[in-house]
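The values are calculated or read from the model by the stated rules, or taken from the named source; none is laboratory data. These numbers come from a predicted model, not from an experiment. A quick note on method: Cβ atoms are made from the backbone with ideal geometry, for glycine too, and the neighbour counts reach across all protein chains shown. Quick note on the areas: whole protein, heavy atoms, side chains included, nothing else; ligands and nucleic acids left out. Shrake-Rupley method; radii C 1.70, N 1.55, O 1.52, S 1.80 Å.
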Amino acid sequence: MEVLNGKGVCDGIAIGRISFLKQHHAVVQRTRVEDPAAEQARFEQARDKAAQELSQLYRKALREVGETNAGIFDIHRMMLEDEDYNESVENLIHTQRVNAEYAVAVTSDNFADMFSSMDSEYMRARAQDVRDVSNRLIRLLSGSAGNGVPEAAAEAESEGRILCADDLTPSETVQLDKTHVLAFVTRHGSANSHTAILARTMGIPAVVGVKDLTDAWDGQMAAVDGSQGIVYMEPDRETTTALLVRQEEAEKYRARLRALKGKENRTRDGRTVQLYANIGAPEDIGAALFNDAGGIGLFRSEFLYLRSDDYPSELTQYAAYRKILESMAGKKVIIRTLDIGADKQIGYFGLGKEENPALGYRAIRICLTRPDIFKTQLRALYRASVCGNLAIMFPMITSLKEVLQIREIIAQVKAELTAEGFRYADHVEIGIMIETPAAALISDRLAPEVDFFSVGTNDLIQYTLACDRQNPLLEPFCDTHHEAILRLIGMATEAAHRHGKWIGICGELGSDTSLTEQWLRMGIDELSVSPSQILRVREKIRSITVE
Ligand code: PEP
Ligand code: MG
């Protein structure tokens, strides 16, 4: 048995034979053409045919993985219409008198390199899309047979197989007959790739970045553990038995939860509550949608900053926010502004060492004293607001003064954007986190100034019980169900409702199902939990009678 490690991007266990995809990435020859105009006509024909294929793929994906994920094929179709891309191909054909295949291959490399060198992870992932579209054009130009589905897919259709490949493009992933694919394993690929998102959406166990994967394993038995990111080649009997037991148990539980997709978050006596997802990156959207999230209740935007070597630009942030809003297609997306400091340190912010970092210079305190950083983020957020249903939330609030200051800065940002000709949504809900005892205690004063509250129980517990959330020694003293916590949340709920505002919980207590009944009795309107917890919490809600 050989054990290969990678990155698990979709949970689940699969055991079966490997089919290693033989991908046709034809070697493109450069040839001289006598008639560039005829060559250009050949390119245009291939482009029309590619657009037709992509429309078909869009319709297939729409049926199988829903509108949001099918959108990638619309993006590919738009890439075919991209002026810069087409100009580059046509210039090469005319100025260098080269064949269209070669002109497309060169353009593809140039554009993919350009995307790969960009700051934003999202834009870097687009390099693969350019290659995908260009390979389709090259296949059509060179008259290769087939519709671009790699060879092993056909084999996989007759028998369940673990599909292995160097990498999988979104088109390849969607064109495969998933009913016979047990798992995906790729040598390359990131959690941010559309393929990983599609795998999650389809619920097929997947491991990417398995460096030691080779086509020599074709036809061999393997076991894939998508939750641990491990592939066992030729697994021994003991490993297989252990995995089979886990697979059976997990499958039973998942099937029970899967049956809850599309069902309401409604108690036995008819009380409904919103169930949203907490995410840390645009690529987590796949998991949120796969688990039937009603919206995004917390996007921890600081992860954009933590991944970067320098302050992410307005454009980088705009692209990330836009992607989330568009992917959620009109469902509510609550983006929390930068919350760094304490346990989340970033070198380029130049934050000095502090005696008590959790009680220190963090979150909104940094934003209000460094308005350049804050305004860049707010500009990106408001510019993206036209792309979906955005709400903005502010962390670590302790006073009314902070909220009023935030509102003033928002007004300035909006005025600047208007003067520069940028559009933004007419109404963007503004909310604050209730994660300090101070905020809960003055929630009746804060409520009139905002549209909603969201309780950050992780910090509310740390500050109320004076227990550093990073210190495992304090666990015995940190009673997460402490009456003081429940009273503070009850107080904020009462204040919110008195002023006609809604209140949610986005800290980890939101998915503590031993408290779900209590939250419902209290009148909590929304629970935002990690994607994998959504259906578990829904199951609980549906078992409760509130009155
Ligand atoms: C919280 O404090 O509960 C919360 C949701 O924010 P974070 O965990 O990011 O501090
Ligand atoms: Mg917090």
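Evaluating His499 against the criteria (1) within 23 Å of Pro395 (Cα to Cα); (2) in contact with a helix residue (DSSP H, G or I) (Cβ under 8 Å, 6 or more places away or on another chain); (3) more than 16 Å from ligand 2 (Cβ to nearest atom); (4) open to solvent by less than 30 Å² (accessible area, probe 1.4 Å) leaves one unmet condition, (4).
For residues in segment 25-34 being open to solvent by 60 Å² or more (accessible area, probe 1.4 Å) and of a type in the set (Val, Ile, Thr), which is farthest from His94 (Cα to Cα)? Filtering first and then ranking leaves Val27. Given the criteria touching a helix residue (DSSP H, G or I) at 6+ places or on another chain (Cβ under 7 Å) and modelled with pLDDT under 90, does Arg139 qualify? Criteria not met by Arg139.
Every residue, every condition in (1) away from ligand 1 (no atom under 16 Å from the Cβ); (2) without any contact (Cβ under 8 Å) to a residue 24 or more places away in the chain, yes or no:
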site: Arg423; (1), (2): yes, no
site: Glu435; (1), (2): no, no
site: Ala447; (1), (2): yes, no
site: Val455; (1), (2): no, no
site: Pro472; (1), (2): yes, yes
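All of (1) touching a Lys or Arg at 6+ places or on another chain (Cβ under 7 Å); (2) part of a helix (DSSP H, G or I); (3) open to solvent by 10 Å² or more (accessible area, probe 1.4 Å) hold for Leu520 with one exception: (3). Considering segment 474-491 alone, what residues qualify as being within 13 Å of ligand 1 (Cβ to nearest atom) and either more than 13 Å from Glu435 (Cα to Cα) or touching a Phe, Trp or Tyr at 6+ places or on another chain (Cβ under 6 Å) (or both)? The one that is within 13 Å of ligand 1 (Cβ to nearest atom) and either more than 13 Å from Glu435 (Cα to Cα) or touching a Phe, Trp or Tyr at 6+ places or on another chain (Cβ under 6 Å) (or both): Thr480. Across segment 351-387, the qualifying residues are those that are among the hydrophobic types (A, V, I, L, M, F, W, C) and within 16 Å of ligand 2 (Cβ to nearest atom), and the one among them that is surrounded by the fewest Cβ atoms within 10 Å (Cβ to Cβ) is Leu359.
For every residue, the table says whether it meets (1) touching a residue at least 24 places away in the same chain (Cβ under 8 Å); (2) open to solvent by 80 Å² or more (accessible area, probe 1.4 Å); (3) of a type in the set (Ser, Thr, Tyr); (4) not assigned by TED's automatic domain parsing to the domain that holds Tyr276.
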residue: Ile461; (1), (2), (3), (4): yes, no, no, no
residue: Thr464; (1), (2), (3), (4): yes, no, yes, no
residue: Cys478; (1), (2), (3), (4): no, no, no, no
residue: Gly504; (1), (2), (3), (4): yes, no, no, no
residue: Asp525; (1), (2), (3), (4): yes, no, no, no
